[in-house]
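All of the numbers you see were taken from the coordinates with simple rules; none came from a lab. Worth saying up front: this structure is predicted, and the values here are computed from it rather than measured. Here the Cβ positions follow ideal geometry from the backbone for every residue, glycine too, while neighbour counts run over all protein chains shown.
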Amino acid sequence: MADIELSNVKKSYGATDVIHGIDWHIADGEFVVIVGPSGCGKSTLLRMIAGLERITQGDIAIGGQVVNKLEPADRDIAMVFQNYALYPHMTVYKNMAYSLKIRGVGKQEIDRRVKQVAEILEIGDYLRRAPRQLSGGQRQRVAMGRAIVREPSVFLFDEPLSNLDAKLRVQMRLEIKRLQERLGITSVYVTHDQVEAMTLGHRLMVLNNGHVEQLGTPIDLYENPATQFVAGFIGSPSMNFLDATMGERGQSVNFAADASLGLSGDYSDHEGKTVTVGLRPEHLEIADPSQPHTSLNVQVVEHLGADTLVHGAFSQDALELTVRLKGVQSFSRNEVIPLSISPQNVHLFDKTTGQRL
Amino acid sequence: MLKRVHFGPSALPYLLVAPQIIITLIFFIWPASQALYQSLLIQDAFGLSTEFVWFENFKELFTDEHYFGAFKRTIIFSFSVAALSMGFALTLAAMADRVIKGATTYRTLLIWPYAVAPVLAGALWVFMLDPTLGIFTYMLGSFGYEWNHKLNGNEAMLLVIFASAWKQVAYNFLFFLAGMQAIPKSLIEAAAIDGAGPVRRFITIVFPLISPTTFFLLVLNVVYAFFETFGIVHTVTQGGPAKATEILVYKVFNDGFIGLDLGGSAAQSVILMLIVIVLTVVQFRYVERKVEYT
Ligand SMILES: Nc1ncnc2c1ncn2[C@@H]1O[C@H](COP(=O)(O)OP(=O)(O)O)[C@@H](O)[C@H]1O
Ligand SMILES: [Mg+2]
C-alpha cells in the first residue's frame, strides 16, 4: 500500500527531451491510467517509476520515500509487460515463485501463495506447464499472477492487453478492473487505447509529446476536454472539428452563410474570432424540421447494429462531419437530413493554441 | 498423392553444383577413402612391400598403451581448451552485453584473435613464454616460479591449452554475445523487478536461456581442439617433451610421417574420422532445439 508522488519529473535521451516535467500525485489504492498516442513517452514515464530508466530530473516518491536512486527490486513494485516477459525455461509455478524465492520466503509459504493466486486467476491447472504451452490469454494471466503473488505496494502495467485479440482484451480488461478493486493496490496502467483508459482508470493522464495535456476522471475528460488534443483523443468515433467564426456577442458560431450553432455560456470576449468547434458524433441528433436546424448532405452510411454512423458534408463549405445515431437508420446518398445539437455540447477551442475557450 | 517437382533434362543444375562436388571429392572423399584403404594395409618402412591385413592395424592400436595415453591426453586437452575458452568468452560476453557506449569497438577488438592463423597463435605464445627470453617467463621468474615448458610436461600441456583456447575465445565470444542479445530485454527487466541482482540474473535467466548456444559451442570447441590444433602443437611443443603434448592429431602425423608407420597412422585417422562424424551428428540433432522466448 503506497501513494506515488511525481515532482517535476523529466527525461531526456541525450539532447532529446522525452518527458517535460510532470507533477502528479497518485493516491494510495488508486487506479490511474496514462494514455496517449504511440511514442508520447508513456512507457518511459512508467519505466522511471519502475526504476528501469534513470530519472533525468525531478523526484519520484513511492510511499513517501524518494526512490530515484533505488534499484527496481527495492521499490516494492511489480510490473506486467506488454510481451508478458515470462521466463521461458521455467514452469508457470516457477515463474510465479521466482521473486518469492529470491526474497527468501519459505517453501510452504511460497506454495500457499502461488496456489492461492493461481486459484484467483484460474490458472491452477497450468502450474506445471511451460509458458510456450499456453495461449496468449493464459500467458497474460500468468504474468498477472507473477505480479500479484509478490503482494507489492504498486502495480505497473505497460500495455498488457495489446497482444490479445479484441474479444479477450475486453474480457481481461474487466478482470483487471475487478482484481484491482478486490486487492486495492495502487496501480499505474499505460495504454494507447482510449477505451481501455476510460473503462479502467479512476483517473487518467493524457500525455502528448511528453507533456501532460490533461489530468482528470474519465467523465471530466469526456465532458470538459482541456485541449483540442484531448477532445479528439477521447471518444470514438473522434470528435468532429470545424473552423468557424464567433458571431455577435459570442452567442453563436457561424460556419458559412447558411449554417450556425447557438452557444450556451458567455463567450462575449471572443466576438469575431476564428475558432475550432468540436462536436461529438453522438451529440448530434436529427432535428425537428420545423425548429431551427442545420443540414447534412449524406455521403456514406455505416451500420454498427446498435448505432449508425453517418458521414456527410455540412454547410455550403462542405465541411466533413460524422454523426452517430442510435439504432438502425437508413439514408440514401445525397439525402439531406436536418441536424441539431444542444448548445452545452458544443466545445470551442482556440484555433492556434488548441486550448479550450 | 505426393507431387514431385520435375526438372527438365538440363545440365545447368549439375554444372552449378559441380565445383562443390569436385572440391569435396578431391579434398575430402579421395583422401578419406585413401586413409580407409591404407588403414587396412601394412607397409614395411622402406615402402618395398605392402600387405593387406584387414583390421590388424586397429587391433594393434587398441592394445597400444601409447595410443590410450594419447587418447586420454586428447580428452583432457580438449575439455580444458573448451572450458577455458568458453568460460573466458562467456565472461567477456556477459560484460560486453552490458556495455552500450563503444560496443562496436570493443567487439571488433575481441574478434581479432580469431583472424590469427593457428601457427602464428602458437608462435605468439612461444615467444611470450620462451624459457630464456619470454616476457611472461620473466614475470613468473620475479614471483620465484621457474617456467620451462621444454622440460616440464605439465607446463607444456598448459601452454598448448592456453594458446589453443586463446585463439578460440573470439569465436565463442561472438556466439555468446549473439545468444545473450537475442534474449528479450524485458525478461532481464522482469527479473530485476523480481529482485534478482546481476549475478543471480545471469545464473538463473541468462545462462539457462543461452544453453543451446553453450551446447553448440561445446561440441564445436571439442571438434576444434581434436582436429584443428595441429598447427599450434607443431609450433609450440612438437608433441613434447616426452610426448606430454602428443594429442591424437599430432600422433597421426608423428607415427605416419616421422615414424613411417603408414598403416597405423591411417587407422588412427579413420578413428578420428569416426569421432568427428559422431560429434557432427550430435551437433545437428541438438542445434535444432531452440528456446522459445515468450
Ligand atoms: N533508449 C532510448 N533512446 C532514445 N530515445 C528513446 C529511447 N527510448 C525511447 N525513446 C524515445 O522516447 C519517446 C517515448 O518513447 P516511449 O516512452 O516508448 O513511448 P510510448 O510508450 O508512449 O509509445 C519516443 O519518441 C522514443 O523514440
Ligand atoms: Mg510504450
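Each part gets one Cα centre, and for the stretch B:210-248 versus the stretch B:121-163 those centres are 18 Å apart. Computed over the protein assembly as shown, the range of Cα coordinates on each principal axis works out to 125, 73, 50 Å, biggest value leading. Across chain B, Cα-Cα pairs farther apart than 33 Å form 41% of the total. The listed peptides A:199-206, A:338-345, ordered by packing as a protection proxy, come out as A:199-206, A:338-345 (highest mean of other Cβ atoms within 10 Å first).
For the stretch A:194-285, the orientation-averaged shadow of the C-alpha convex hull comes to 7.0 nm² (one quarter of the hull surface). Quantify how much of the Cα-Cα distance distribution of chain A extends past 36 Å, in percent. More than 36 Å apart: 36 percent of the Cα pairs in chain A. Dipole size of the stretch B:181-294 about its Cα centre, with +1 on Lys/Arg Cβ and -1 on Asp/Glu Cβ: approximately 260 debye, rounded to the nearest 20.
Annotated for the stretch B:72-260: lysine pairs at least 8 residues apart or interchain, Cα distance under 19 Å, count 6. Given +1 at the Cβ of Lys and Arg, -1 at the Cβ of Asp and Glu and no other charges, the dipole of chain A around its Cα centre is 2100 debye to the nearest 20.
Ordered by the number of other Cβ atoms lying within 10 Å of each residue's own Cβ, fewest first, B:Tyr286, B:Tyr67 fall into the sequence B:Tyr286, B:Tyr67.
Of the residues A:Ala15, A:Asn163, A:Asn208, the one whose Cα sits farthest toward the positive end of the charge dipole of chain A, with +1 on the Cβ of Lys and Arg and -1 on the Cβ of Asp and Glu, is A:Asn163. Our note on the geometry: Cα centres of the stretch B:69-109 and the stretch A:61-102, 32 Å apart.
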